[in-house]
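Contents: one structure, followed by commentary.
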Amino acid sequence: MMIFDETFTLTNGVEIPKLALGTWEIPDNEVALPVAAALKMGYRHIDTAQAYHNEKGVGQGIRDSGIQRDQIFVNSKVEAEIKNYQEAKKSIDETLTRMELDYLDMMIIHNPQPWREVNQSSDRHFEGNLETWRALEDAMKEGKLRAIGVSSFEPEDLQNLIDNSDTKPMVNQILCHIGATPKKLIDFCQKNDIVAESFSPVAHGEALNNSTIKEIADKYDVSVAQLCIRYDWQLNTVVLPKAKNPDHMKQDAELNFEISAKDMSTLENITSFDYGSAGHFPVFGGKM
């Protein structure tokens, strides 16, 4: 089976490809080209967000690729500032309009807290997240979304939705890379049948400067980026590397090697460039 064909099955039976193209920080007027190139290459999962301000371009890239819409898994995210039903409902419709799509395969809450409060406040916005979640549930019932989930939610945030709504989150997209592996959070997700997704697998490029990672990559005759992506892959997570260059996209998908248990353990214990608590959004990182 090709890497692009490998999927997890969400709790409602929808299949989600395990390798995605991330589009963070690719401008709206530039993103259509890499999205179309990735889809032509074989990628079948594209990740964007309202906060990326590139949904229109991503939608264009999907159309330009010539790949049938039902062959592509498209995910976007409700802006983290939105914590009420009406605004969330409106934002979902606006995303569909911007992308010129009849439905999304998935939409998720981008963060439990508004961006301005990250690392500044202890308020987890339980009520607000339930309101936004209800809007996502309704959009799914209306056929606008095939699946729904969250991003950067801690166990307490997930439990709030599990206990107080009709729908368990289907995914939790989290910061996960060598140097910041939130094992407890991943375990919590997997025990609750929530698919964990890893964003920033190359640690915003920081992994490229780590000598231990470089040594282990050389041992497998792969690039540091490939090792980092394979590491998240072997944690049984969906992996979301961002790439604009087709050569990088191609290399990111060449994962037909296996990291030994010993090397996985070594990589898991690296903390030398851990710039933020795992599972949380790094302050300098912008709206990942």
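Brief remarks follow.
- Any hit, segment 23-33, residues being in a loop (DSSP other than H, G, I, E, B), of a type in the set (D, E, K, R) and over 26 Å from Trp233 (Cα atoms): yes
- Residue check, Gly128 touching a residue at least 40 places away in the same chain (Cβ under 8 Å) and farther than 18 Å from Ile174 by Cα: yes
- Taken over segment 33-68, the criterion of being among the charged types (D, E, K, R) and free of Cβ contacts under 8 Å to residues at least 60 places away in the same chain is satisfied by Lys40, Arg44, Glu55, Lys56, Arg63, Asp64.
- In segment 57-78, residue farthest from the chain's Cα centre (by Cα) [restricted to those that are buried (at least 21 other Cβ atoms within 10 Å of the Cβ) and over 14 Å from Ala37 (Cβ atoms)]: Gly59
- Residues being outside any helix (DSSP H, G or I), within 19 Å of Glu137 (Cβ to Cβ) and among the basic types (Lys, Arg) - total across segment 41-90: 2
- Selection within segment 215-257 - part of a helix (DSSP H, G or I) and farther than 13 Å from Ile178 by Cα: Glu215, Asp218, Lys219, Pro246, Asp247, His248, Met249, Lys250, Gln251, Asp252
- The sole residue among Lys141, Lys214, Lys191 that is closer than 20 Å to Leu104 by Cα and basic (Lys, Arg) is Lys141.
Only the coordinates and a few stated rules stand behind these numbers; no lab work does. Keep in mind it's a predicted model, so treat the numbers as computed, not measured. Heads up, the Cβs are rebuilt from the backbone with ideal geometry, glycines too, and the neighbour counts pull from every protein chain shown.
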